1. Got the relative contact order for the chain handy, in percent, Cα pairs under 8 Å and 6 or more residues apart?
2. Would you kindly state how much longer the chain becomes between residue 175 and residue 239 on full extension, computed as 0.36 nm times their sequence separation minus their alpha carbon distance, in nm to one decimal?
3. Rounded to two decimal places and with Rh computed the Kirkwood way over Cα pairs, what is Rg over Rh for the stretch 192-347?
4. Apply the Karplus curve 6.51 cos²θ - 1.76 cosθ + 1.60, θ = phi - 60°, to the phi angles in the stretch 113-120 and return the couplings in whole Hz, x for Gly and Pro.
5. Which value in deg cm²/dmol, rounded to the nearest 500, describes the helix-derived mean residue ellipticity at 222 nm for the chain, given -39,500 (n - 2.57) per DSSP H run of n ≥ 4 and division by the residue count?
6. Once the Cβ-Cβ distance between residue 213 and residue 319 is put in as r, and R0 is 30 Å, what FRET efficiency do you end up with, to the nearest 0.05?
7. Using only Cα positions of the stretch 39-178, each an equal point scatterer, no hydration layer, compute I(q)/I(0) via Debye at q = 0.13 Å⁻¹ and quote the log10 values to two decimals.
8. Debye calculation, C-alpha points only, no solvent: report log10 I(q)/I(0) for the stretch 150-280 at q = 0.17, 0.22 Å⁻¹, in the same order as the q values.
Amino acid sequence: MAFWNKAAIAACVAVLGFGCDRGVASESVSAEGLETGVWTDSTREAQATPIDPELPAYKPVRGISGDIRSVGSDTMLNLMGTWSQTFGEYYPGVRVHVEGKGSSTAPPALMEGQSQFGPMSRAMDPKEIDEFREKFGYEPTELRVAIDCVAVFVNKDCPLDEISLEQLVDVFSVEGSTATWGDLGVTDRAWASRPVSVYGRNSASGTYKFFKKMALDGHDFKPTVKEQPGSSGVIQAIATDPYAMGYSGVGYLTTGVKALRVSVETGDDAFEPSAEYAVTGDYPLARFLYVYMNFDRLSELDALRAEFVRMMFSREGQEGVLKDGSYPIPASVAREELESLGLEPGF
């Protein structure tokens, strides 16, 4: 079985954005990016605090009204809802509608004019980008808006505390053979002979595709994985099933479950899904969260969307990220994304 090159994993997960091709391969970067990317010592230090102090406070402007619709990621449903509430406090005349049925629903909604924003917990794949480009003559606009860790959850009473990517292949994929908790090293007699009850997301989910690629080395899921339509369903199932294991964005952590530390190979140091270990690249299932737009960069972004974007990349917007359970981006990334839209960062 093929396993993961550690340098490539580190390059891929050290917040997944060092000099990569935008919109095509944002989740796959070279090890060289670790030395040449945006994560300087100063931004690493800033990210050790909850919010980068260089991020500006949002300053509302006059004349903003209308409707905004967001269609896409279930993982980001709560975050988009939080941002919508914040934006509505600044602009009572704006109505924001948020729908979260999976990242795969974002590209068609943007292409068919059913939404202005398409949140995705993964980068658009080449086929989605090609279809978009064929229709409009330009690529969709990709914005990196938050940092997330896909966590591996077990019931709060489970004696297991860590797991490797090798073991995740065994537990979740058709290549695996693991059937019991004892196969994972659990010696507690009440658990060792019990089968692992496995839960996951459906194929419309960006988290499903990310986990398959990064945790399972691209292998298909076992047919015994109990697919849930949303992240909350995965967590609820694990909280009520003491022998369950599943995966979801770390922001869905509740008191009924716990997140395992994860290593690349069995016997290696394992790391918790935290902001610190996402930035260093030690946690191997870290990723950006994205918001996509249908926007021709040769034109000027309309005021309604421009202000929503400014709010996302403001101190208040990134406080919403933290409130949602994900991790804020550094000011350097926020500045780069605003400039890519022709918007003056102001910091």
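Just so you know, all these numbers are worked out from the coordinates, no wet-lab data involved. Keep in mind that this is a model prediction, so the values were computed, not measured. Note: ideal-geometry Cβ built from the backbone for every residue, glycine included; neighbour counts use all protein chains shown.
1. 27 percent.
2. Fully extending the segment from residue 175 to residue 239 adds 20.4 nm.
3. That ratio is 1.03, to two decimals.
4. x, 8, 8, 9, 10, x, x, 9
5. That comes out to -9000 deg cm²/dmol.
6. The formula returns an efficiency of 0.50 here.
7. Values returned for q = 0.13 Å⁻¹ are -0.87.
8. For the stretch 150-280, the Cα-only Debye profile gives -0.84, -1.53.
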